[in-house]
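The values are calculated or read from the model by the stated rules, or taken from the named source; none is laboratory data. It should be emphasised that the depicted structure is a prediction, and the values quoted were computed from it without experimental measurement. Cβ placement follows ideal geometry from the backbone for every residue including glycine, while neighbour counts extend to all protein chains displayed. These area figures cover heavy atoms from the full protein model, side chains too; ligands, DNA and RNA do not enter into them. Shrake-Rupley method; radii C 1.70, N 1.55, O 1.52, S 1.80 Å.
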Amino acid sequence: MSLIKQYAYFILHNLPEWNHSQAVNNEVVQRQKQTFAKAVSLIDETQELDSQLKQLGKIIKDFVPDNHISLFDSQHRQLVAKKEPPYSRRAHNLAYKSSEELTSLNLTNVNHYKIQAGHPQWMIATQHQGEICTGIVAIPSFGGDYEEQIHTRKEFIAAFFETKAKQKWQNIIFDFRGNSGGDAEIIKEIGERMSGKSLNYADLCEVIEAKPQNENQAKILGQTYHIRPQTTQYQSQSGDKFRGNIYILQDAWCASATEGAIFMLSQIPNSQTIGENTAGTFAGGACTEIPFEHGSLIIGTEYRQRSRNGREIKEKEGQTPDIETPSKEAYTKACRIILNQQIQTLSLWQSSQRRK
């Protein structure tokens, strides 16, 4: 079997979106597979191998409904073009702001946490608007080595709950803008301890039955390190519960585990998402890299399905925000909503006092 046919066969028989338990009876899936196979069959296999792979990369981009999948040539150059927002991933998240900028935003008790060397710092701060106290939690990346981060993540969780109680937060703003993923288990713990209920990473998570082409692929696909562990519900401790409003800032950079974090927090009552559509990179998760005789392929091993408010969240379309606004304005928008709520509450109180 030629190199291109090996790649095509592997994708057709292992892509999570095309091989989960419900896919065999899905007419849309079957049409997608046929369209992909036909496009691949038109590649001239007499051309140089990297040239063939470059053409395959374009076909994957155009016809494969998966934003996680990546293809690399002999020089490990990425061949599947990824759509990126017109602004830097560092442009808007509060964790990147200078001390002067944070002061101008009326943020106090600002603390940055180095989760792992070489990765962006996370931030916890407090904002006061009149008598309203709001917690700010800015996480610009979930990337890095989870095992190396276990201790620092525990410190962050402890600081979160300690600050929430000490500052008496009435609202919390989670800033995930620019965060393209990694491991969001920390949000599952924070969210479940705050809400006292189990939060689902997806409506459906299904490990795909692997169909390797050789022993090396079978060995890689048989390893469990790339599968996202299914953890039990985290139990609330004394003072953990939070009944205020939660605002989640998202943008077009938000992908993969970050979309999972947003999905989990959105299950908590009184939560709202603000910003732009997320990237839509989640349906084929728990990725692993599969080497071929020439080049390699990164592909998911687990199928994930999500819906919100009765509507399916689609790959490559992403999660629609509850309140749509440009990424750069999402934090300001959240602050205005909080301030308006304060004004409305005061107005209702004054009206009740006049009627007495």
Which whole-Hz ³J(HN,Hα) couplings does the range 10-26 yield from phi under the Karplus relation 6.51 cos²θ - 1.76 cosθ + 1.60, θ = phi - 60°, glycine and proline marked x?
4, 5, 4, 9, 10, 4, x, 5, 9, 9, 6, 4, 9, 6, 4, 9, 9
Quick one: ranking 112, 294, 20 by accessible area, 1.4 Å probe, largest first, what do you get?
112, 294, 20
So, counting K/R as plus one and D/E as minus one, what does the shell of residues with Cβ under 9 Å around residue 52 add up to?
-3
Rounded to 5, the percent of DSSP beta bridges in the chain classed as antiparallel:
60 percent
Per the charge dipole of the chain (beta-carbon charges, Lys/Arg positive, Asp/Glu negative, Cα centre), the residue among 140, 182, 107 reaching farthest to the positive end is 107
To the nearest 20 debye, the chain has a Cα-centred charge dipole, built from +1 on Lys and Arg Cβ and -1 on Asp and Glu Cβ, of 1480 debye
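Within a Cβ distance under 9 Å of residue 196, other residues only, what is the Lys/Arg minus Asp/Glu net charge?
On the way: positive: 193, 197, 241; negative: 192, 240.
Within the 9 Å Cβ shell, the charges total +1.
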Among residues other than residue 257 whose Cβ falls under 9 Å from its Cβ, what is the net charge (Lys/Arg +1, Asp/Glu -1)?
-2
Cβ charges +1 (Lys, Arg) and -1 (Asp, Glu), total dipole of the range 112-243, debye:
420 debye
Rounded to whole angstrom, the alpha-carbon centroid of the range 113-156 lies from that of the range 219-281 at a distance of 15 Å
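Remind me, relative contact order of the range 243-347 in percent, using alpha carbon pairs under 8 angstrom and six or more residues apart? Provide the component values of the computation, followed by the final result.
Details: 166 pairs, mean separation 30.4, N = 105.
RCO, the range 243-347: 29 percent.
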What relative contact order, as a whole-number percentage, does the range 130-288 give when Cα pairs under 8 Å and 6 or more residues apart are counted?
30 percent
Toy charge model, Lys and Arg Cβ at +1, Asp and Glu Cβ at -1: the range 39-80 dipole around Cα centroid in debye, rounded to 20, equals 180 debye
What's the Cα-based Rg to Rh of the range 35-167, Rh via Kirkwood?
1.20
Karplus ³J(HN,Hα) for the range 202-215 (6.51 cos²θ - 1.76 cosθ + 1.60, θ = phi - 60°; Hz, whole; x = Gly/Pro) runs 7, 5, 9, 10, 9, 6, 7, 6, 5, 10, x, 9, 7, 5
Tell me, what is the per residue accessible area of the chain in Å², probe radius 1.4 Å?
49 Å²
Of all DSSP beta bridges having both residues in the range 232-324, the percent classed as antiparallel (nearest 5) is 55 percent
Select from 200, 67, 221 the residue farthest towards the positive end of the dipole of the chain; place +1 on Cβ of Lys and Arg, -1 on Cβ of Asp and Glu, and compute about the Cα centre.
200
Computed over the chain: longest principal axis from alpha-carbon atoms vs helix 330-355 long axis, angle to nearest 10 degrees, is 30 degrees
From the phi of every residue in the range 247-258, what ³J(HN,Hα) in whole Hz does the Karplus formula 6.51 cos²θ - 1.76 cosθ + 1.60 yield, where θ is phi - 60° and glycine or proline is x?
10, 10, 8, 9, 8, 6, 7, 5, 8, 6, 4, 5
Could you grab the relative contact order for the chain? Cα pairs under 8 Å, six or more apart, rounded to a whole percent.
19 percent
Can you sort 273, 108 by 1.4 Å-probe accessible area, starting with the largest?
108, 273
P(r) of the range 86-156 over all Cα-Cα pairs, 5 Å bins starting at 0, rounded to whole percent, reads 3, 15, 25, 22, 16, 12, 5, 1, 0
Given the options 166, 241, 188, which has the most mean-square fluctuation in a GNM of the chain, springs set between C-alpha atoms less than 10 angstrom apart?
166
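Given axes a ≥ b ≥ c from the Cα gyration tensor, I'd like to know whether the range 222-352 is rounded (a/c under 1.5), prolate (a/b larger than b/c) or oblate. Provide the component values of the computation, followed by the final result.
Numbers: a/c = 3.27, a/b = 1.96, b/c = 1.67.
Prolate.
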